[in-house]
Amino acid sequence: MKHSILAIIASVLLSSVPGGAQQRKISPALAGAAPNETVQVIVHYRNPPTLGRHLKTISGGGFIKADLGMINSGAYAVPGSNLSKIAADPEVMFVSQDHPVHSLLDLTAAAVNAPAAWWLYGLDGSGIGVAVIDSGISHVEDLRTGGFVRDSRIVYRENFIDAHSSADFFGHGEHVSGIIAGDGQDSKCEQCFRTFRGIAPGAKLIDLRVLDSEGTGSDSSVIAAIQRAIQLKDTYNIRVINISLGHPVIESYQTDPICQAVELAWQAGIVVVVAAGNDGRDNTFENNGYGTIYAPGNDPYVITVGAMKTMGTPQRSDDRIASYSSKGPTVVDHIVKPDIVAPGNLVVSLLAPHGTLEQNYPANLVPLSYFQWNASNAPSANYFTLSGTSMATPVVSGAAALLLEAHPELTPDQIKARLMLTAYKTFPESSVAYDPTTGQSFTSYYDAFTVGAGYLDIQAALLDNHVFAGAANSPAVSYTPASDNQPATIALICGSNTICSGSASAAISGSATALDEAISGTQSIWSSQSIWSSQSIWSSQSIWSSQSIWSSQSIWSSQSIWSSQSIWSTSVVEPPQAMLVRILGEH
């Protein structure tokens with residue numbers, strides 16, 4: 001019932017920025033560090049750090065890992081006993097954990113109307129550079145240019161984690177790159193009846209490797225890669241960054257270093273597309289997957305992407321949300337996320353030869369019979385199946401590249417606004433996914449915290465001609481419980497100078513909310529230039545409708561998911577089942 005969902009969302013919304021550790025200058029993720037423990041930190045300063053500043057920070061022991069001057073920061077390994085001393089420095093603004101980041105693991109093009117861009121508009125992303133911050137990219141046939149001489153479209157490569165090649169030893173970055181820009185060359189033959197073509201098959205790729213052969217890395221490596229993408233923006237016309245990785249939200253996006261980095265890329269004119277996360281099934285604390293968006297997907301600037309299932313058909317009418325796709329609102333800041341959804345389940349894309357994923361999951365190798373007539377079931381040497389919001393994210397990155405090829409004058413905010421406004425918004429009220437391995441069923445509701453503005457539609461975005469002024473920051477939402485005969489209220493909070501105009505609040509009562517009427521009526525909270533107007537970015541079945549999580553059957557819990565025993569506790573290790581969801585997907 002809806003009341004259980006309301007209780008879940010209330011637990012997120014009532015988790016205001018915690019006092020104690022969050023009010024101090026040390027991230028709560030570092031609160032339990034032992035004095036003799038070496039901790040990985042990112043220190044944010046008031047000004048760009050000098051050599052003297054770096055030396056002062058490590059004067060109590062440790063070493064510098066990276067100068068992150070772009071965000072007035074440095075990455076260090078220091079003893080836990082030195083944290084208080086570092087935070088006491090008046091030049092230090094905040095000390096964050098240098099979180100480990102993990103990759104987030106697949107008819108895709110048909111579901112989002114990509115063929116319309118190729119065949120009707122002649123677009124393929126040519127001339128647009130897409131930076132792939134991931135586990136590397138290997139040189140394969142599908143990532144070469146057309147013509148008699150097929151040169152690689154990987155125009156720049158750099159490794160930020162070790163001295164080895166930037167080739168993909170894990171298998172994740174290769175798969176992501178194929179979704180963005182593979183041209184399907186290895187699935188074109190006389191016997192082939194299916195071609196695995198990426199969304200923008202003419203785009204250039206900038207390979208920035210930050211994940212090792214096990215799919216792990218660190219914030220500082222990702223930030224360094226983002227810095228490099230900004231530096232190389234004009235050289236390779238980098239207009240899009242794809243980040244199919246992340247870590248659980250520990251602090252506000254306003255202090256999280258990786259969020260600061262993606263904002264700087266956005267402000268430099270680069271569209272940043274980020275995976276929502278794969279924890280939508282997590283009900284450890286009866287949250288039903290709400291409040292599980294990963295960082296930097298919690299940042300209001302970026303385009304955060306959730307995963308849909310194509311259900312094995314090219315039409316979108318039967319598509320459903322993947323139950324593992326993480327849901328908003330975001331922890332701490334309560335930002336309405338994801339922004340949009342795209343196909344991400346059981347996606348076939350490029351195989352990194354001899355990568356860790358191939359070795360560990362040979363069943364995910366695509367048989368030749370899957371795309372060739374009269375072929376055997378022997379595995380293809382070129383293609384692999386993966387699932388997750390990691391696979392949905394490059395679909396949106398490819399879409400952004402197509403729009404930028406057609407309209408290079410558009411800003412990141414205008415790209416985000418156009419994609420969200422034109423997203424397909426027809427969904428059922430709910431759907432159920434069944435996991436035969438565990439016998440569990442997972443019910444998903446199609447509210448704005450699950451599907452955002454809707455399902456990516458590239459053709460609709462290309463047909464649209466709205467050019468919005470202002471930032472397209474995702475709004476925040478708040479909840480005030482009932483007290484002193486006053487009803488409980490909800491409020492949508494817009495930032496200053498954003499497309500979202502003003503703010504609104506409404507009592508939760510009756511069969512529908514006042515916000516539902518406000519969006520479509522004369523008291524609209526959105527300006528006439530807004531994507532949130534009567535052409536609402538959210539459909540009538542969205543967060544505001546009588547069928548949504550804000551129904552009159554609300555039971556708002558005061559229990560916060562932010563606690564020492566919460567799902568974001570630093571002692572929690574992701575169970576193997578979650579990785580199976582990422583790798584195998586669901587039907």
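Descriptive notes on the structure:
- Cα centroid separation, the stretch 256-281 to the stretch 181-247 (Å): 15
- Rg/Rh ratio calculated on Cα atoms of the stretch 22-100 (Kirkwood radius): 0.91
- The stretch 130-262: Cα Rg divided by the 2.2 N^0.38 Å rule of thumb: 1.11
- When peptides 66-79, 462-475 are ranked by their average number of other Cβ atoms within 10 Å per residue, the highest-first order is 66-79, 462-475.
- Residue order, fewest to most surrounding Cβ atoms within 10 angstrom, among R153, R144, R209: R144, R153, R209
- Summarising the strand pairing of the stretch 22-100, around 95 percent of its internal DSSP beta bridges are antiparallel.
- Filter on K25/K233; K188/K233; K25/K327; K204/K337; K188/K309; K65/K233 - keep pairs with C-alpha separation over 31 Å: K25/K233; K188/K233
- Between the stretch 321-375 and the stretch 67-116, the alpha-carbon center distance in angstrom: 23
- Chymotrypsin sites (Phe, Trp or Tyr not before Pro) within the stretch 124-198, DSSP loop, no more than 11 other Cβ atoms inside 10 Å: F148, F193
- Calculated on C-alpha atoms, the gyration radius of the stretch 90-189 divided by its Kirkwood radius gives an Rg/Rh of 1.08.
- Model label points for Q267 and D234, set 7 angstrom from Cα along the Cα-to-Cβ axis, are 1.9 nm apart.
- Those GluC sites (Glu not before Pro) in the stretch 222-293 that DSSP places in a loop and that have at most 16 other beta carbons within 10 Å: E286
- Residues S325, S483, S218, S152, arranged from fewest to most other Cβ atoms within 10 angstrom of their Cβ, appear as S483, S152, S218, S325.
- Formal net charge of residues neighbouring A114 (Cβ-Cβ distance under 15 Å; K, R +1; D, E -1): -2
- Annotation for the stretch 386-470: GluC sites (Glu not before Pro) lying in DSSP loop with at most 16 further Cβ atoms inside 10 Å of their Cβ are E409, E429.
- Distant-in-sequence amide contacts of G291, defined by a placed amide H-H separation under 5 Å and a gap of 5 or more residues or a different chain, comprise K327, G328.
- Note on the stretch 282-424: Kirkwood radius taken over Cα pairs, Stokes-Einstein applied at 25 °C and 0.890 mPa s, translational D equal to 143 µm² s⁻¹.
- Electrostatic tally near N473: other residues with Cβ closer than 14 Å to its Cβ, Lys and Arg +1, Asp and Glu -1, net -3.
Read-outs: derived from the displayed coordinates by stated rules, not from any lab. The structure displayed is predicted, hence computed values, not measured ones. Note that we place each Cβ from the backbone using ideal geometry, even for glycine, and neighbour counts take in every protein chain shown.
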